[in-house]
Every structure is written in C-alpha cells, then in structure tokens.
1. Would you kindly give the portion of the calculated P(r) for the chain that falls above 29 Å, as a percent of all Cα pairs?
2. Report the Cα centroid-to-centroid distance between the stretch 1-63 and the stretch 105-124 in angstrom, as an integer.
3. Compute the orientation-averaged projected area for the stretch 1-76 from the convex hull of its Cα atoms and round it to one decimal in nm².
4. Is there a quick way to get the dipole size of the chain? I mean about its Cα centre, with the Cβ of Lys and Arg at +1 and of Asp and Glu at -1; what is the value in debye to the nearest 20?
5. Check which residues have an amide H placed less than 5 Å from SER19's amide H, if you skip close sequence neighbours.
6. Highest first, please rank the peptides 145-156, 106-117 by the mean number of other Cβ atoms sitting within 10 Å of their residues.
7. Determine, for each peptide in 67-73, 39-45, the mean count of other beta carbons within 10 angstrom over its residues, then list the peptides with the highest first.
8. Excluding residues on the same chain fewer than 8 positions from LYS142, give the aspartates and glutamates whose Cα lies under 18 Å from its Cα.
Amino acid sequence: MAASGPEEIPAFARDHVASVLLSAEEIQAAIARIGAGISHDYVGRDPVLVAVLKGSAPLIADLLRAIDIPVSVDFIAISSYGPSARNSGVVRLLKDLDQPIEGRHVLVIEDIIDTGLTLHYILRTLRLRRPATLEVGTLFNKPARRLVNIPLRYVGFDLPDRFVVGYGLDYHERYRNLPFLCVLKPEVYGG
Ligand code: PRP
C-alpha cells in the first residue's frame with residue numbers, strides 16, 4: 001500500500017507522524033462501500049449499530065450518513081488495562097449499551113481489529129443477550145497480528161503491521177482528529 005493522497009501532514013502532527021498511508025478520499029470511499037453493503041443486507045431488519053469507543057467515533061459518524069435504511073446506534077466503551085494486558089485479553093466494560101438488544105440485528109462497528117481479543121470479549125458479552133444476529137464491521141484490519149479468529153462481515157482495509165494513527169486512532173490520545181490514516185515514525189514508539 002503506497003503513500004497516497006494530496007494530504008499534507010499538519011504542523012501539529014509532524015513530530016510523530018511519518019507519512020500518509022490512506023487518504024481521506026480512500027477512507028470515505030471505503031465507508032461509502034460499507035454503508036451501501038449494510039443498506040442492502042439489512043433492509044427491513046431495523047439493525048442496531050454498536051460502536052466501540054473511542055476510536056470508532058469518526059467512523060460511526062460518517063458510516064451512519066452512508067446508510068440509507070432505518071438504523072439505530074448505541075455505544076460501548078472498553079478498557080484494556082494498557083497494551084501488555086490487552087494481549088492477555090483482560091478487558092473491562094466502561095460503558096454499556098443504553099438499550100437491550102435481545103432479538104435485534106446487531107452489527108458491531110470497530111475502527112481497527114488487531115489481536116481480536118477486545119472484539120472476542122465484546123462478542124461474548126453481547127451474545128449472552130440473545131440478539132437475532134451478531135456481526136462485525138471494521139474499517140481497518142491487521143490480520144498479521146490476529147490471536148483469535150473472528151469472522152468479519154465488512155472490512156474497509158487490510159493494513160500492514162505498522163503503528164497507525166488518525167481517523168480515530170491515537171498515539172497517547174493524540175491524532176484521532178487527522179482525517180486520514182498515517183504511519184507513526186518508528187523512532188517514536190521504538191519500532
Ligand atoms: C482499539 C480498537 C479496538 C482494539 C483492537 O481500541 O478500537 O477496540 O484496540 O485491538 P485488539 O484487536 O488487539 O483487541 P483501544 O483499546 O486502543 O481504545 P480506543 O478506541 O479508546 O483508542
């Protein structure tokens with residue numbers, strides 16, 4: 001995947017960000033494609049999209065507007081107890097859904113799936129509530145790092161195993177506000 005797009009990395013990000021991996025235009029095109037797929041596949045099913053905070057905030061905002069059937073949205077927030085604990089799969093539910101999902105067609109929306117451990121926990125938790133269907137859409141996917149195999153209904157992009165920021169993804173809570181996806185400088189994270 002080559003660096004692409006006319007985007008210039010803004011001054012506030014230049015200390016840490018090396019290059020643009022996916023342009024805003026490429027990201028929006030993928031979201032339009034996923035939105036069209038959801039609109040087609042879930043017509044007449046009144047789906048509920050469950051966005052996993054915080055990284056999926058820009059995605060859910062854009063994805064909702066790319067869907068042209070009736071749809072609900074709800075949010076959950078997960079804590080992974082930091083990066084090393086994440087690999088143990090120890091996660092904690094910080095914010096639960098507002099509404100019951102029993103009998104509903106549920107589509108979990110993630111910004112990125114890495115090891116799959118977070119999603120594995122989320123799906124296990126939601127499945128106990130007996131939704132009619134439970135599927136997953138993610139904008140970014142890092143298959144090389146997967147520890148748990150999880151079927152994905154919608155995928156925007158398969159990414160190389162690089163530290164990426166932007167479009168919701170952070171480095172120490174920064175750079176979520178970049179409208180495109182960037183690669184961090186290796187010297188920043190010791191890569
Ligand atoms: C990211 C992402 C997924 C998870 C994926 O969230 O949104 O939830 O990591 O990693 P995994 O597949 O290895 O479990 P993060 O914990 O960084 O929280 P954030 O969305 O609030 O930044």
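1. Working: 3801 of 18145 pairs.
Value for the chain (Cα pairs over 29 Å): 21 percent.
2. 16
3. Values: hull surface 25.3 nm².
Average projection, Cα convex hull of the stretch 1-76: 6.3 nm².
4. On the way: 21 positive and 22 negative charges, 133 e Å.
Dipole magnitude for the chain comes out near 640 debye.
5. VAL183
6. On the way: 145-156: 14.6, 106-117: 22.2.
Descending packing order for the listed peptides: 106-117, 145-156.
7. Values: 67-73: 15.4, 39-45: 13.6.
By packing density, highest mean first, the sequence is 67-73, 39-45.
8. Within the straight-line limit of under 18 Å, LYS142 reaches these aspartates and glutamates: GLU26, GLU110, ASP111, ASP114, ASP158, ASP161, ASP170.
The values are calculated or read from the model by the stated rules, or taken from the named source; none is laboratory data. None of the values given here were measured: they were computed from a predicted structure. With ideal geometry, Cβ positions are generated from the backbone for all residues, glycine too; neighbour counts draw on all protein chains shown. We work out accessible area using only protein heavy atoms, side chains counted, and drop any ligands, DNA or RNA first. Shrake-Rupley method; radii C 1.70, N 1.55, O 1.52, S 1.80 Å.
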